[in-house]
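Data first, discussion second: the structure below is written as structure tokens.
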Amino acid sequence: MLYHIVTYGCQMNVHESEKIAGILKKEGGELCPDIEKADLVVFNTCCIRDTAEKRALGNIGALKKRKRENKDFMIAVLGCMTQQEGFAEMMREKFPFVDIILGTNNLHLLPYYIKLKDKKNSVDIDRANGGTYDVNLTSDTFRTSFPNAWVNIMYGCDNFCSYCIVPYVRGREVSRPPKDVLNEIKFLLDEGYKEITLLGQNVNSYRYEDYDFKRLLAEAGNSGKKFRLRFMTSNPKDFDKDVIDVIKSSDNICKHIHLPAQSGSDGILRLMNRKYTAARYLDLVLAVRENIEDALISSDIMVGFPTETEEDFSQTLDLVKKSRFSQAFTFVYSPRSGTVSAKMEDVGAEVKKRRITELIRVQNKITKEISEGFKGLTREVLIESAEGDNFFGRTDNGRVVTFEKSNGFKIGDFVNVKITASKSSSLTGTPL
Ligand code: 5AD
Ligand code: SF4
């Protein structure tokens with residue numbers, strides 16, 4: 001059986017697709033890059049914003065004709081979109097040709113439903129808390145991101161930011177036992193992976209009995225060999241000086257912190273239920289800068305939250321200018337059904353469009369200036385991919401570097417590169 005997986009959303013989902021691929025591979029399936037040739041198409045969906053949701057539904061709809069013409073062709077819809085209240089009913093009505101719909105806790109049931117003769121829009125969603133199906137046998141995950149390997153340290157989220165659907169669809173926070181996480185990291189390093197990225201919606205609130213994130217980060221960082229340890233996402237309300245000390249204490253922990261600010265207005269942050277102020281956020285930025293040499297901070301920023309005024313927005317621009325993010329993922333607020341802010345009055349598409357354009361303009365200038373600051377420096381780069389005559393890699397603090405293939409280097413090698421030129425967010429250099 002040839003299968004193709006379409007993934008929407010964040011790194012969490014990219015890794016979940018690797019687990020789905022592992023389950024299908026174990027059953028004798030073969031990953032097929034061409035969707036047209038696949039016997040089974042799996043949609044691993046995301047519902048965090050309406051854009052991803054609309055794209056997934058559009059792509060599922062596009063397969064209706066093929067399903068009608070070929071009864072043996074299978075379509076499975078997985079991922080957090082399926083966990084939404086009313087989703088299964090909507091699918092039954094509008095997409096009855098879909099064979100299998102599984103919730104995020106039930107990935108492991110995919111082989112059962114594939115073999116089931118009379119599928120007829122089979123739905124199996126388990127909304128009970130308890131995290132995502134965990135391939136504890138890490139060797140079963142079909143990884144596709146060498147030299148990086150993703151490692152979940154926790155699932156779900158307890159924060160209930162007022163705009164966010166994640167706590168509703170992914171359930172309450174569940175931390176994996178540290179023993180399992182550390183064993184998985186050891187296994188991956190023994191396999192030759194050079195970069196480990198710890199994943200969680202709010203890694204700072206990782207806790208297993210009395211074992212917390214700082215301890216996990218410190219122990220993971222000291223796993224012996226030379227490798228890069230990254231983690232995401234940090235929540236400013238829980239990120240503290242102790243984590244900064246741990247980052248400083250290990251050469252393996254990358255000097256890059258993804259710290260979503262969302263807004264620079266205290267009023268909007270309060271309405272968002274973020275539990276920190278702009279001043280506290282800027283203090284954290286300062287603490288990182290003062291304590292970790294060369295550290296870069298990236299962020300998520302949202303515009304157009306309900307009631308956001310011009311003054312609120314200008315405070316966001318102010319925070320962006322003061323924080324000098326190396327990169328910012330910028331989002332237009334989209335109401336998600338069932339969340340607290342969905343009941344609040346929207347600021348309208350025109351205002352959102354104008355604000356996101358301005359935000360991107362301000363951030364692009366900062367991104368470019370930070371890149372220019374790299375010119376003439378020599379930095380260690382981990383080669384992550386190759387295309388044509390070029391290698392692509394990243395510095396420890398997360399900047400993308402391109403250089404010409406040469407000297408027998410290969411993907412997964414650490415190379416010292418002298419940066420010779422910069423272009424907005426990426427750098428070009430010469431290996432030494
Ligand atoms: N609308 C727009 N952006 C959102 N995000 C989360 N929920 C929404 C929403 N309803 C953004 C936040 C978060 C990132 C992963 O997605 O900025 O940090
Ligand atoms: Fe959503 Fe907030 Fe949890 Fe992040 S911390 S997943 S934004 S509720």
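The values are calculated or read from the model by the stated rules, or taken from the named source; none is laboratory data. Since this is a predicted model, take the numbers as computed values, not measurements. Heads up, the Cβs are rebuilt from the backbone with ideal geometry, glycines too, and the neighbour counts pull from every protein chain shown.
So how many residues does the range 64-87 have that are of a type in the set (A, V, I, L, M, F, W, C) and either farther than 23 Å from ILE23 by Cα or surrounded by fewer than 18 Cβ atoms within 10 Å (Cβ to Cβ) (or both)? Lay out the reasoning, then the answer.
Restricting attention to the range 64-87, the residues satisfying the condition of being of a type in the set (A, V, I, L, M, F, W, C) are 73-78, 80-81, 87.
Now narrow it down to the ones that are either farther than 23 Å from ILE23 by Cα or surrounded by fewer than 18 Cβ atoms within 10 Å (Cβ to Cβ) (or both): 73, 87.
Residues that pass the stated criteria total 2.
Quick check on the range 250-272. Is at least one of its residues acidic (Asp, Glu), farther than 18 Å from LEU198 by Cβ and away from ligand 1 (no atom under 13 Å from the Cβ)? Reasoning before the result, please.
Within the range 250-272, the subset acidic (Asp, Glu) is 251, 266.
Narrowing further to those that are farther than 18 Å from LEU198 by Cβ: 266.
Filter once more, so that each one left must be away from ligand 1 (no atom under 13 Å from the Cβ): 266.
Yes - at least one qualifying residue is present in the range 250-272.
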So which helices (runs of 4 or more DSSP H) are wholly in the range 1-84 and hold at least 1 residues that are without any contact (Cβ under 8 Å) to a residue 24 or more places away in the chain and within 16 Å of PHE95 (Cβ to Cβ)? 50-61, 64-69
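Suppose we keep only residues that are under 22 Å from the mean Cα position of the chain (by Cα) and buried (at least 18 other Cβ atoms within 10 Å of the Cβ) within the range 305-329. Which one would you say is nearest to ligand 1 (Cβ to nearest atom)?
Step one: list which residues in the range 305-329 are under 22 Å from the mean Cα position of the chain (by Cα), which gives 305, 320, 323-329.
From what's left, buried (at least 18 other Cβ atoms within 10 Å of the Cβ): 305, 320, 323, 325-328.
On the way: PHE305: 8, VAL320: 13, SER323: 15, PHE325: 13, SER326: 16, GLN327: 13, ALA328: 10 Å.
Here the answer is PHE305.
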Taking the range 253-267 and the residues there that are surrounded by fewer than 22 Cβ atoms within 10 Å (Cβ to Cβ) and over 17 Å from the mean Cα position of the chain (by Cα), the one that is nearest to ASN204 (Cα to Cα) would be LYS255
Given the conditions (1) within 13 Å of LEU259 (Cα to Cα); (2) in contact with a helix residue (DSSP H, G or I) (Cβ under 6 Å, 6 or more places away or on another chain); (3) buried (at least 21 other Cβ atoms within 10 Å of the Cβ), report the number of the one that ARG274 does not fulfil. (2)
Between residues in the range 139-167 that are under 28 Å from ARG394 (Cβ atoms) and within 16 Å of ligand 1 (Cβ to nearest atom) and residues that are at pLDDT below 95 and in a strand (DSSP E or B), which pairs lie under 9 Å by C-beta distance while being six or more apart or on different chains? MET154/VAL174; MET154/SER175; TYR155/VAL174; TYR155/SER175
Residue hits (the range 97-136; surrounded by fewer than 17 Cβ atoms within 10 Å (Cβ to Cβ), in contact with a Phe, Trp or Tyr (Cβ under 8 Å, 6 or more places away or on another chain) and modelled with pLDDT of 85 or more) are HIS108
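Look through the range 165-192, keep the residues that are within 16 Å of ligand 2 (Cβ to nearest atom), part of a loop (DSSP other than H, G, I, E, B) and closer than 18 Å to ASN204 by Cα, and return whichever of them is modelled with the highest pLDDT. First the steps, then the outcome.
Step one: list which residues in the range 165-192 are within 16 Å of ligand 2 (Cβ to nearest atom), which gives 165-175.
Checking which are part of a loop (DSSP other than H, G, I, E, B) leaves us with 165, 171-173.
Next, only the ones that are closer than 18 Å to ASN204 by Cα stay: 171-173.
Values: GLY171: 87, ARG172: 88, GLU173: 91.
Per the stated criteria, the residue is GLU173.
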For the range 406-423, indicate whether the set of residues that are surrounded by fewer than 20 Cβ atoms within 10 Å (Cβ to Cβ), in contact with a Ser or Thr (Cβ under 6 Å, 6 or more places away or on another chain), without any contact (Cβ under 8 Å) to a residue 12 or more places away in the chain and under 26 Å from ASN252 (Cα atoms) is non-empty. no
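From the list LEU189, LEU216, LEU198, pick out the single residue that is of a type outside the set (Gly, Ala, Ser) and surrounded by fewer than 21 Cβ atoms within 10 Å (Cβ to Cβ). Write out each step before concluding.
Details: LEU216 fails: surrounded by fewer than 21 Cβ atoms within 10 Å (Cβ to Cβ); LEU198 fails: surrounded by fewer than 21 Cβ atoms within 10 Å (Cβ to Cβ).
Answer to the check: LEU189.
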Exactly one of these conditions fails for GLY388: (1) touching an Asp or Glu at 6+ places or on another chain (Cβ under 6 Å); (2) of a type outside the set (Asp, Glu); (3) loosely packed, with under 14 Cβ neighbours inside 10 Å. Give me its number. (1)
In the range 1-23, what residues are crowded, with 17+ Cβ neighbours inside 10 Å and within 16 Å of ASP72 (Cβ to Cβ)? TYR3, HIS4
Filtering the range 335-384 down to residues that are at pLDDT 95 or above, assigned to a loop (DSSP other than H, G, I, E, B) and hydroxyl-bearing (Ser, Thr, Tyr) yields THR339
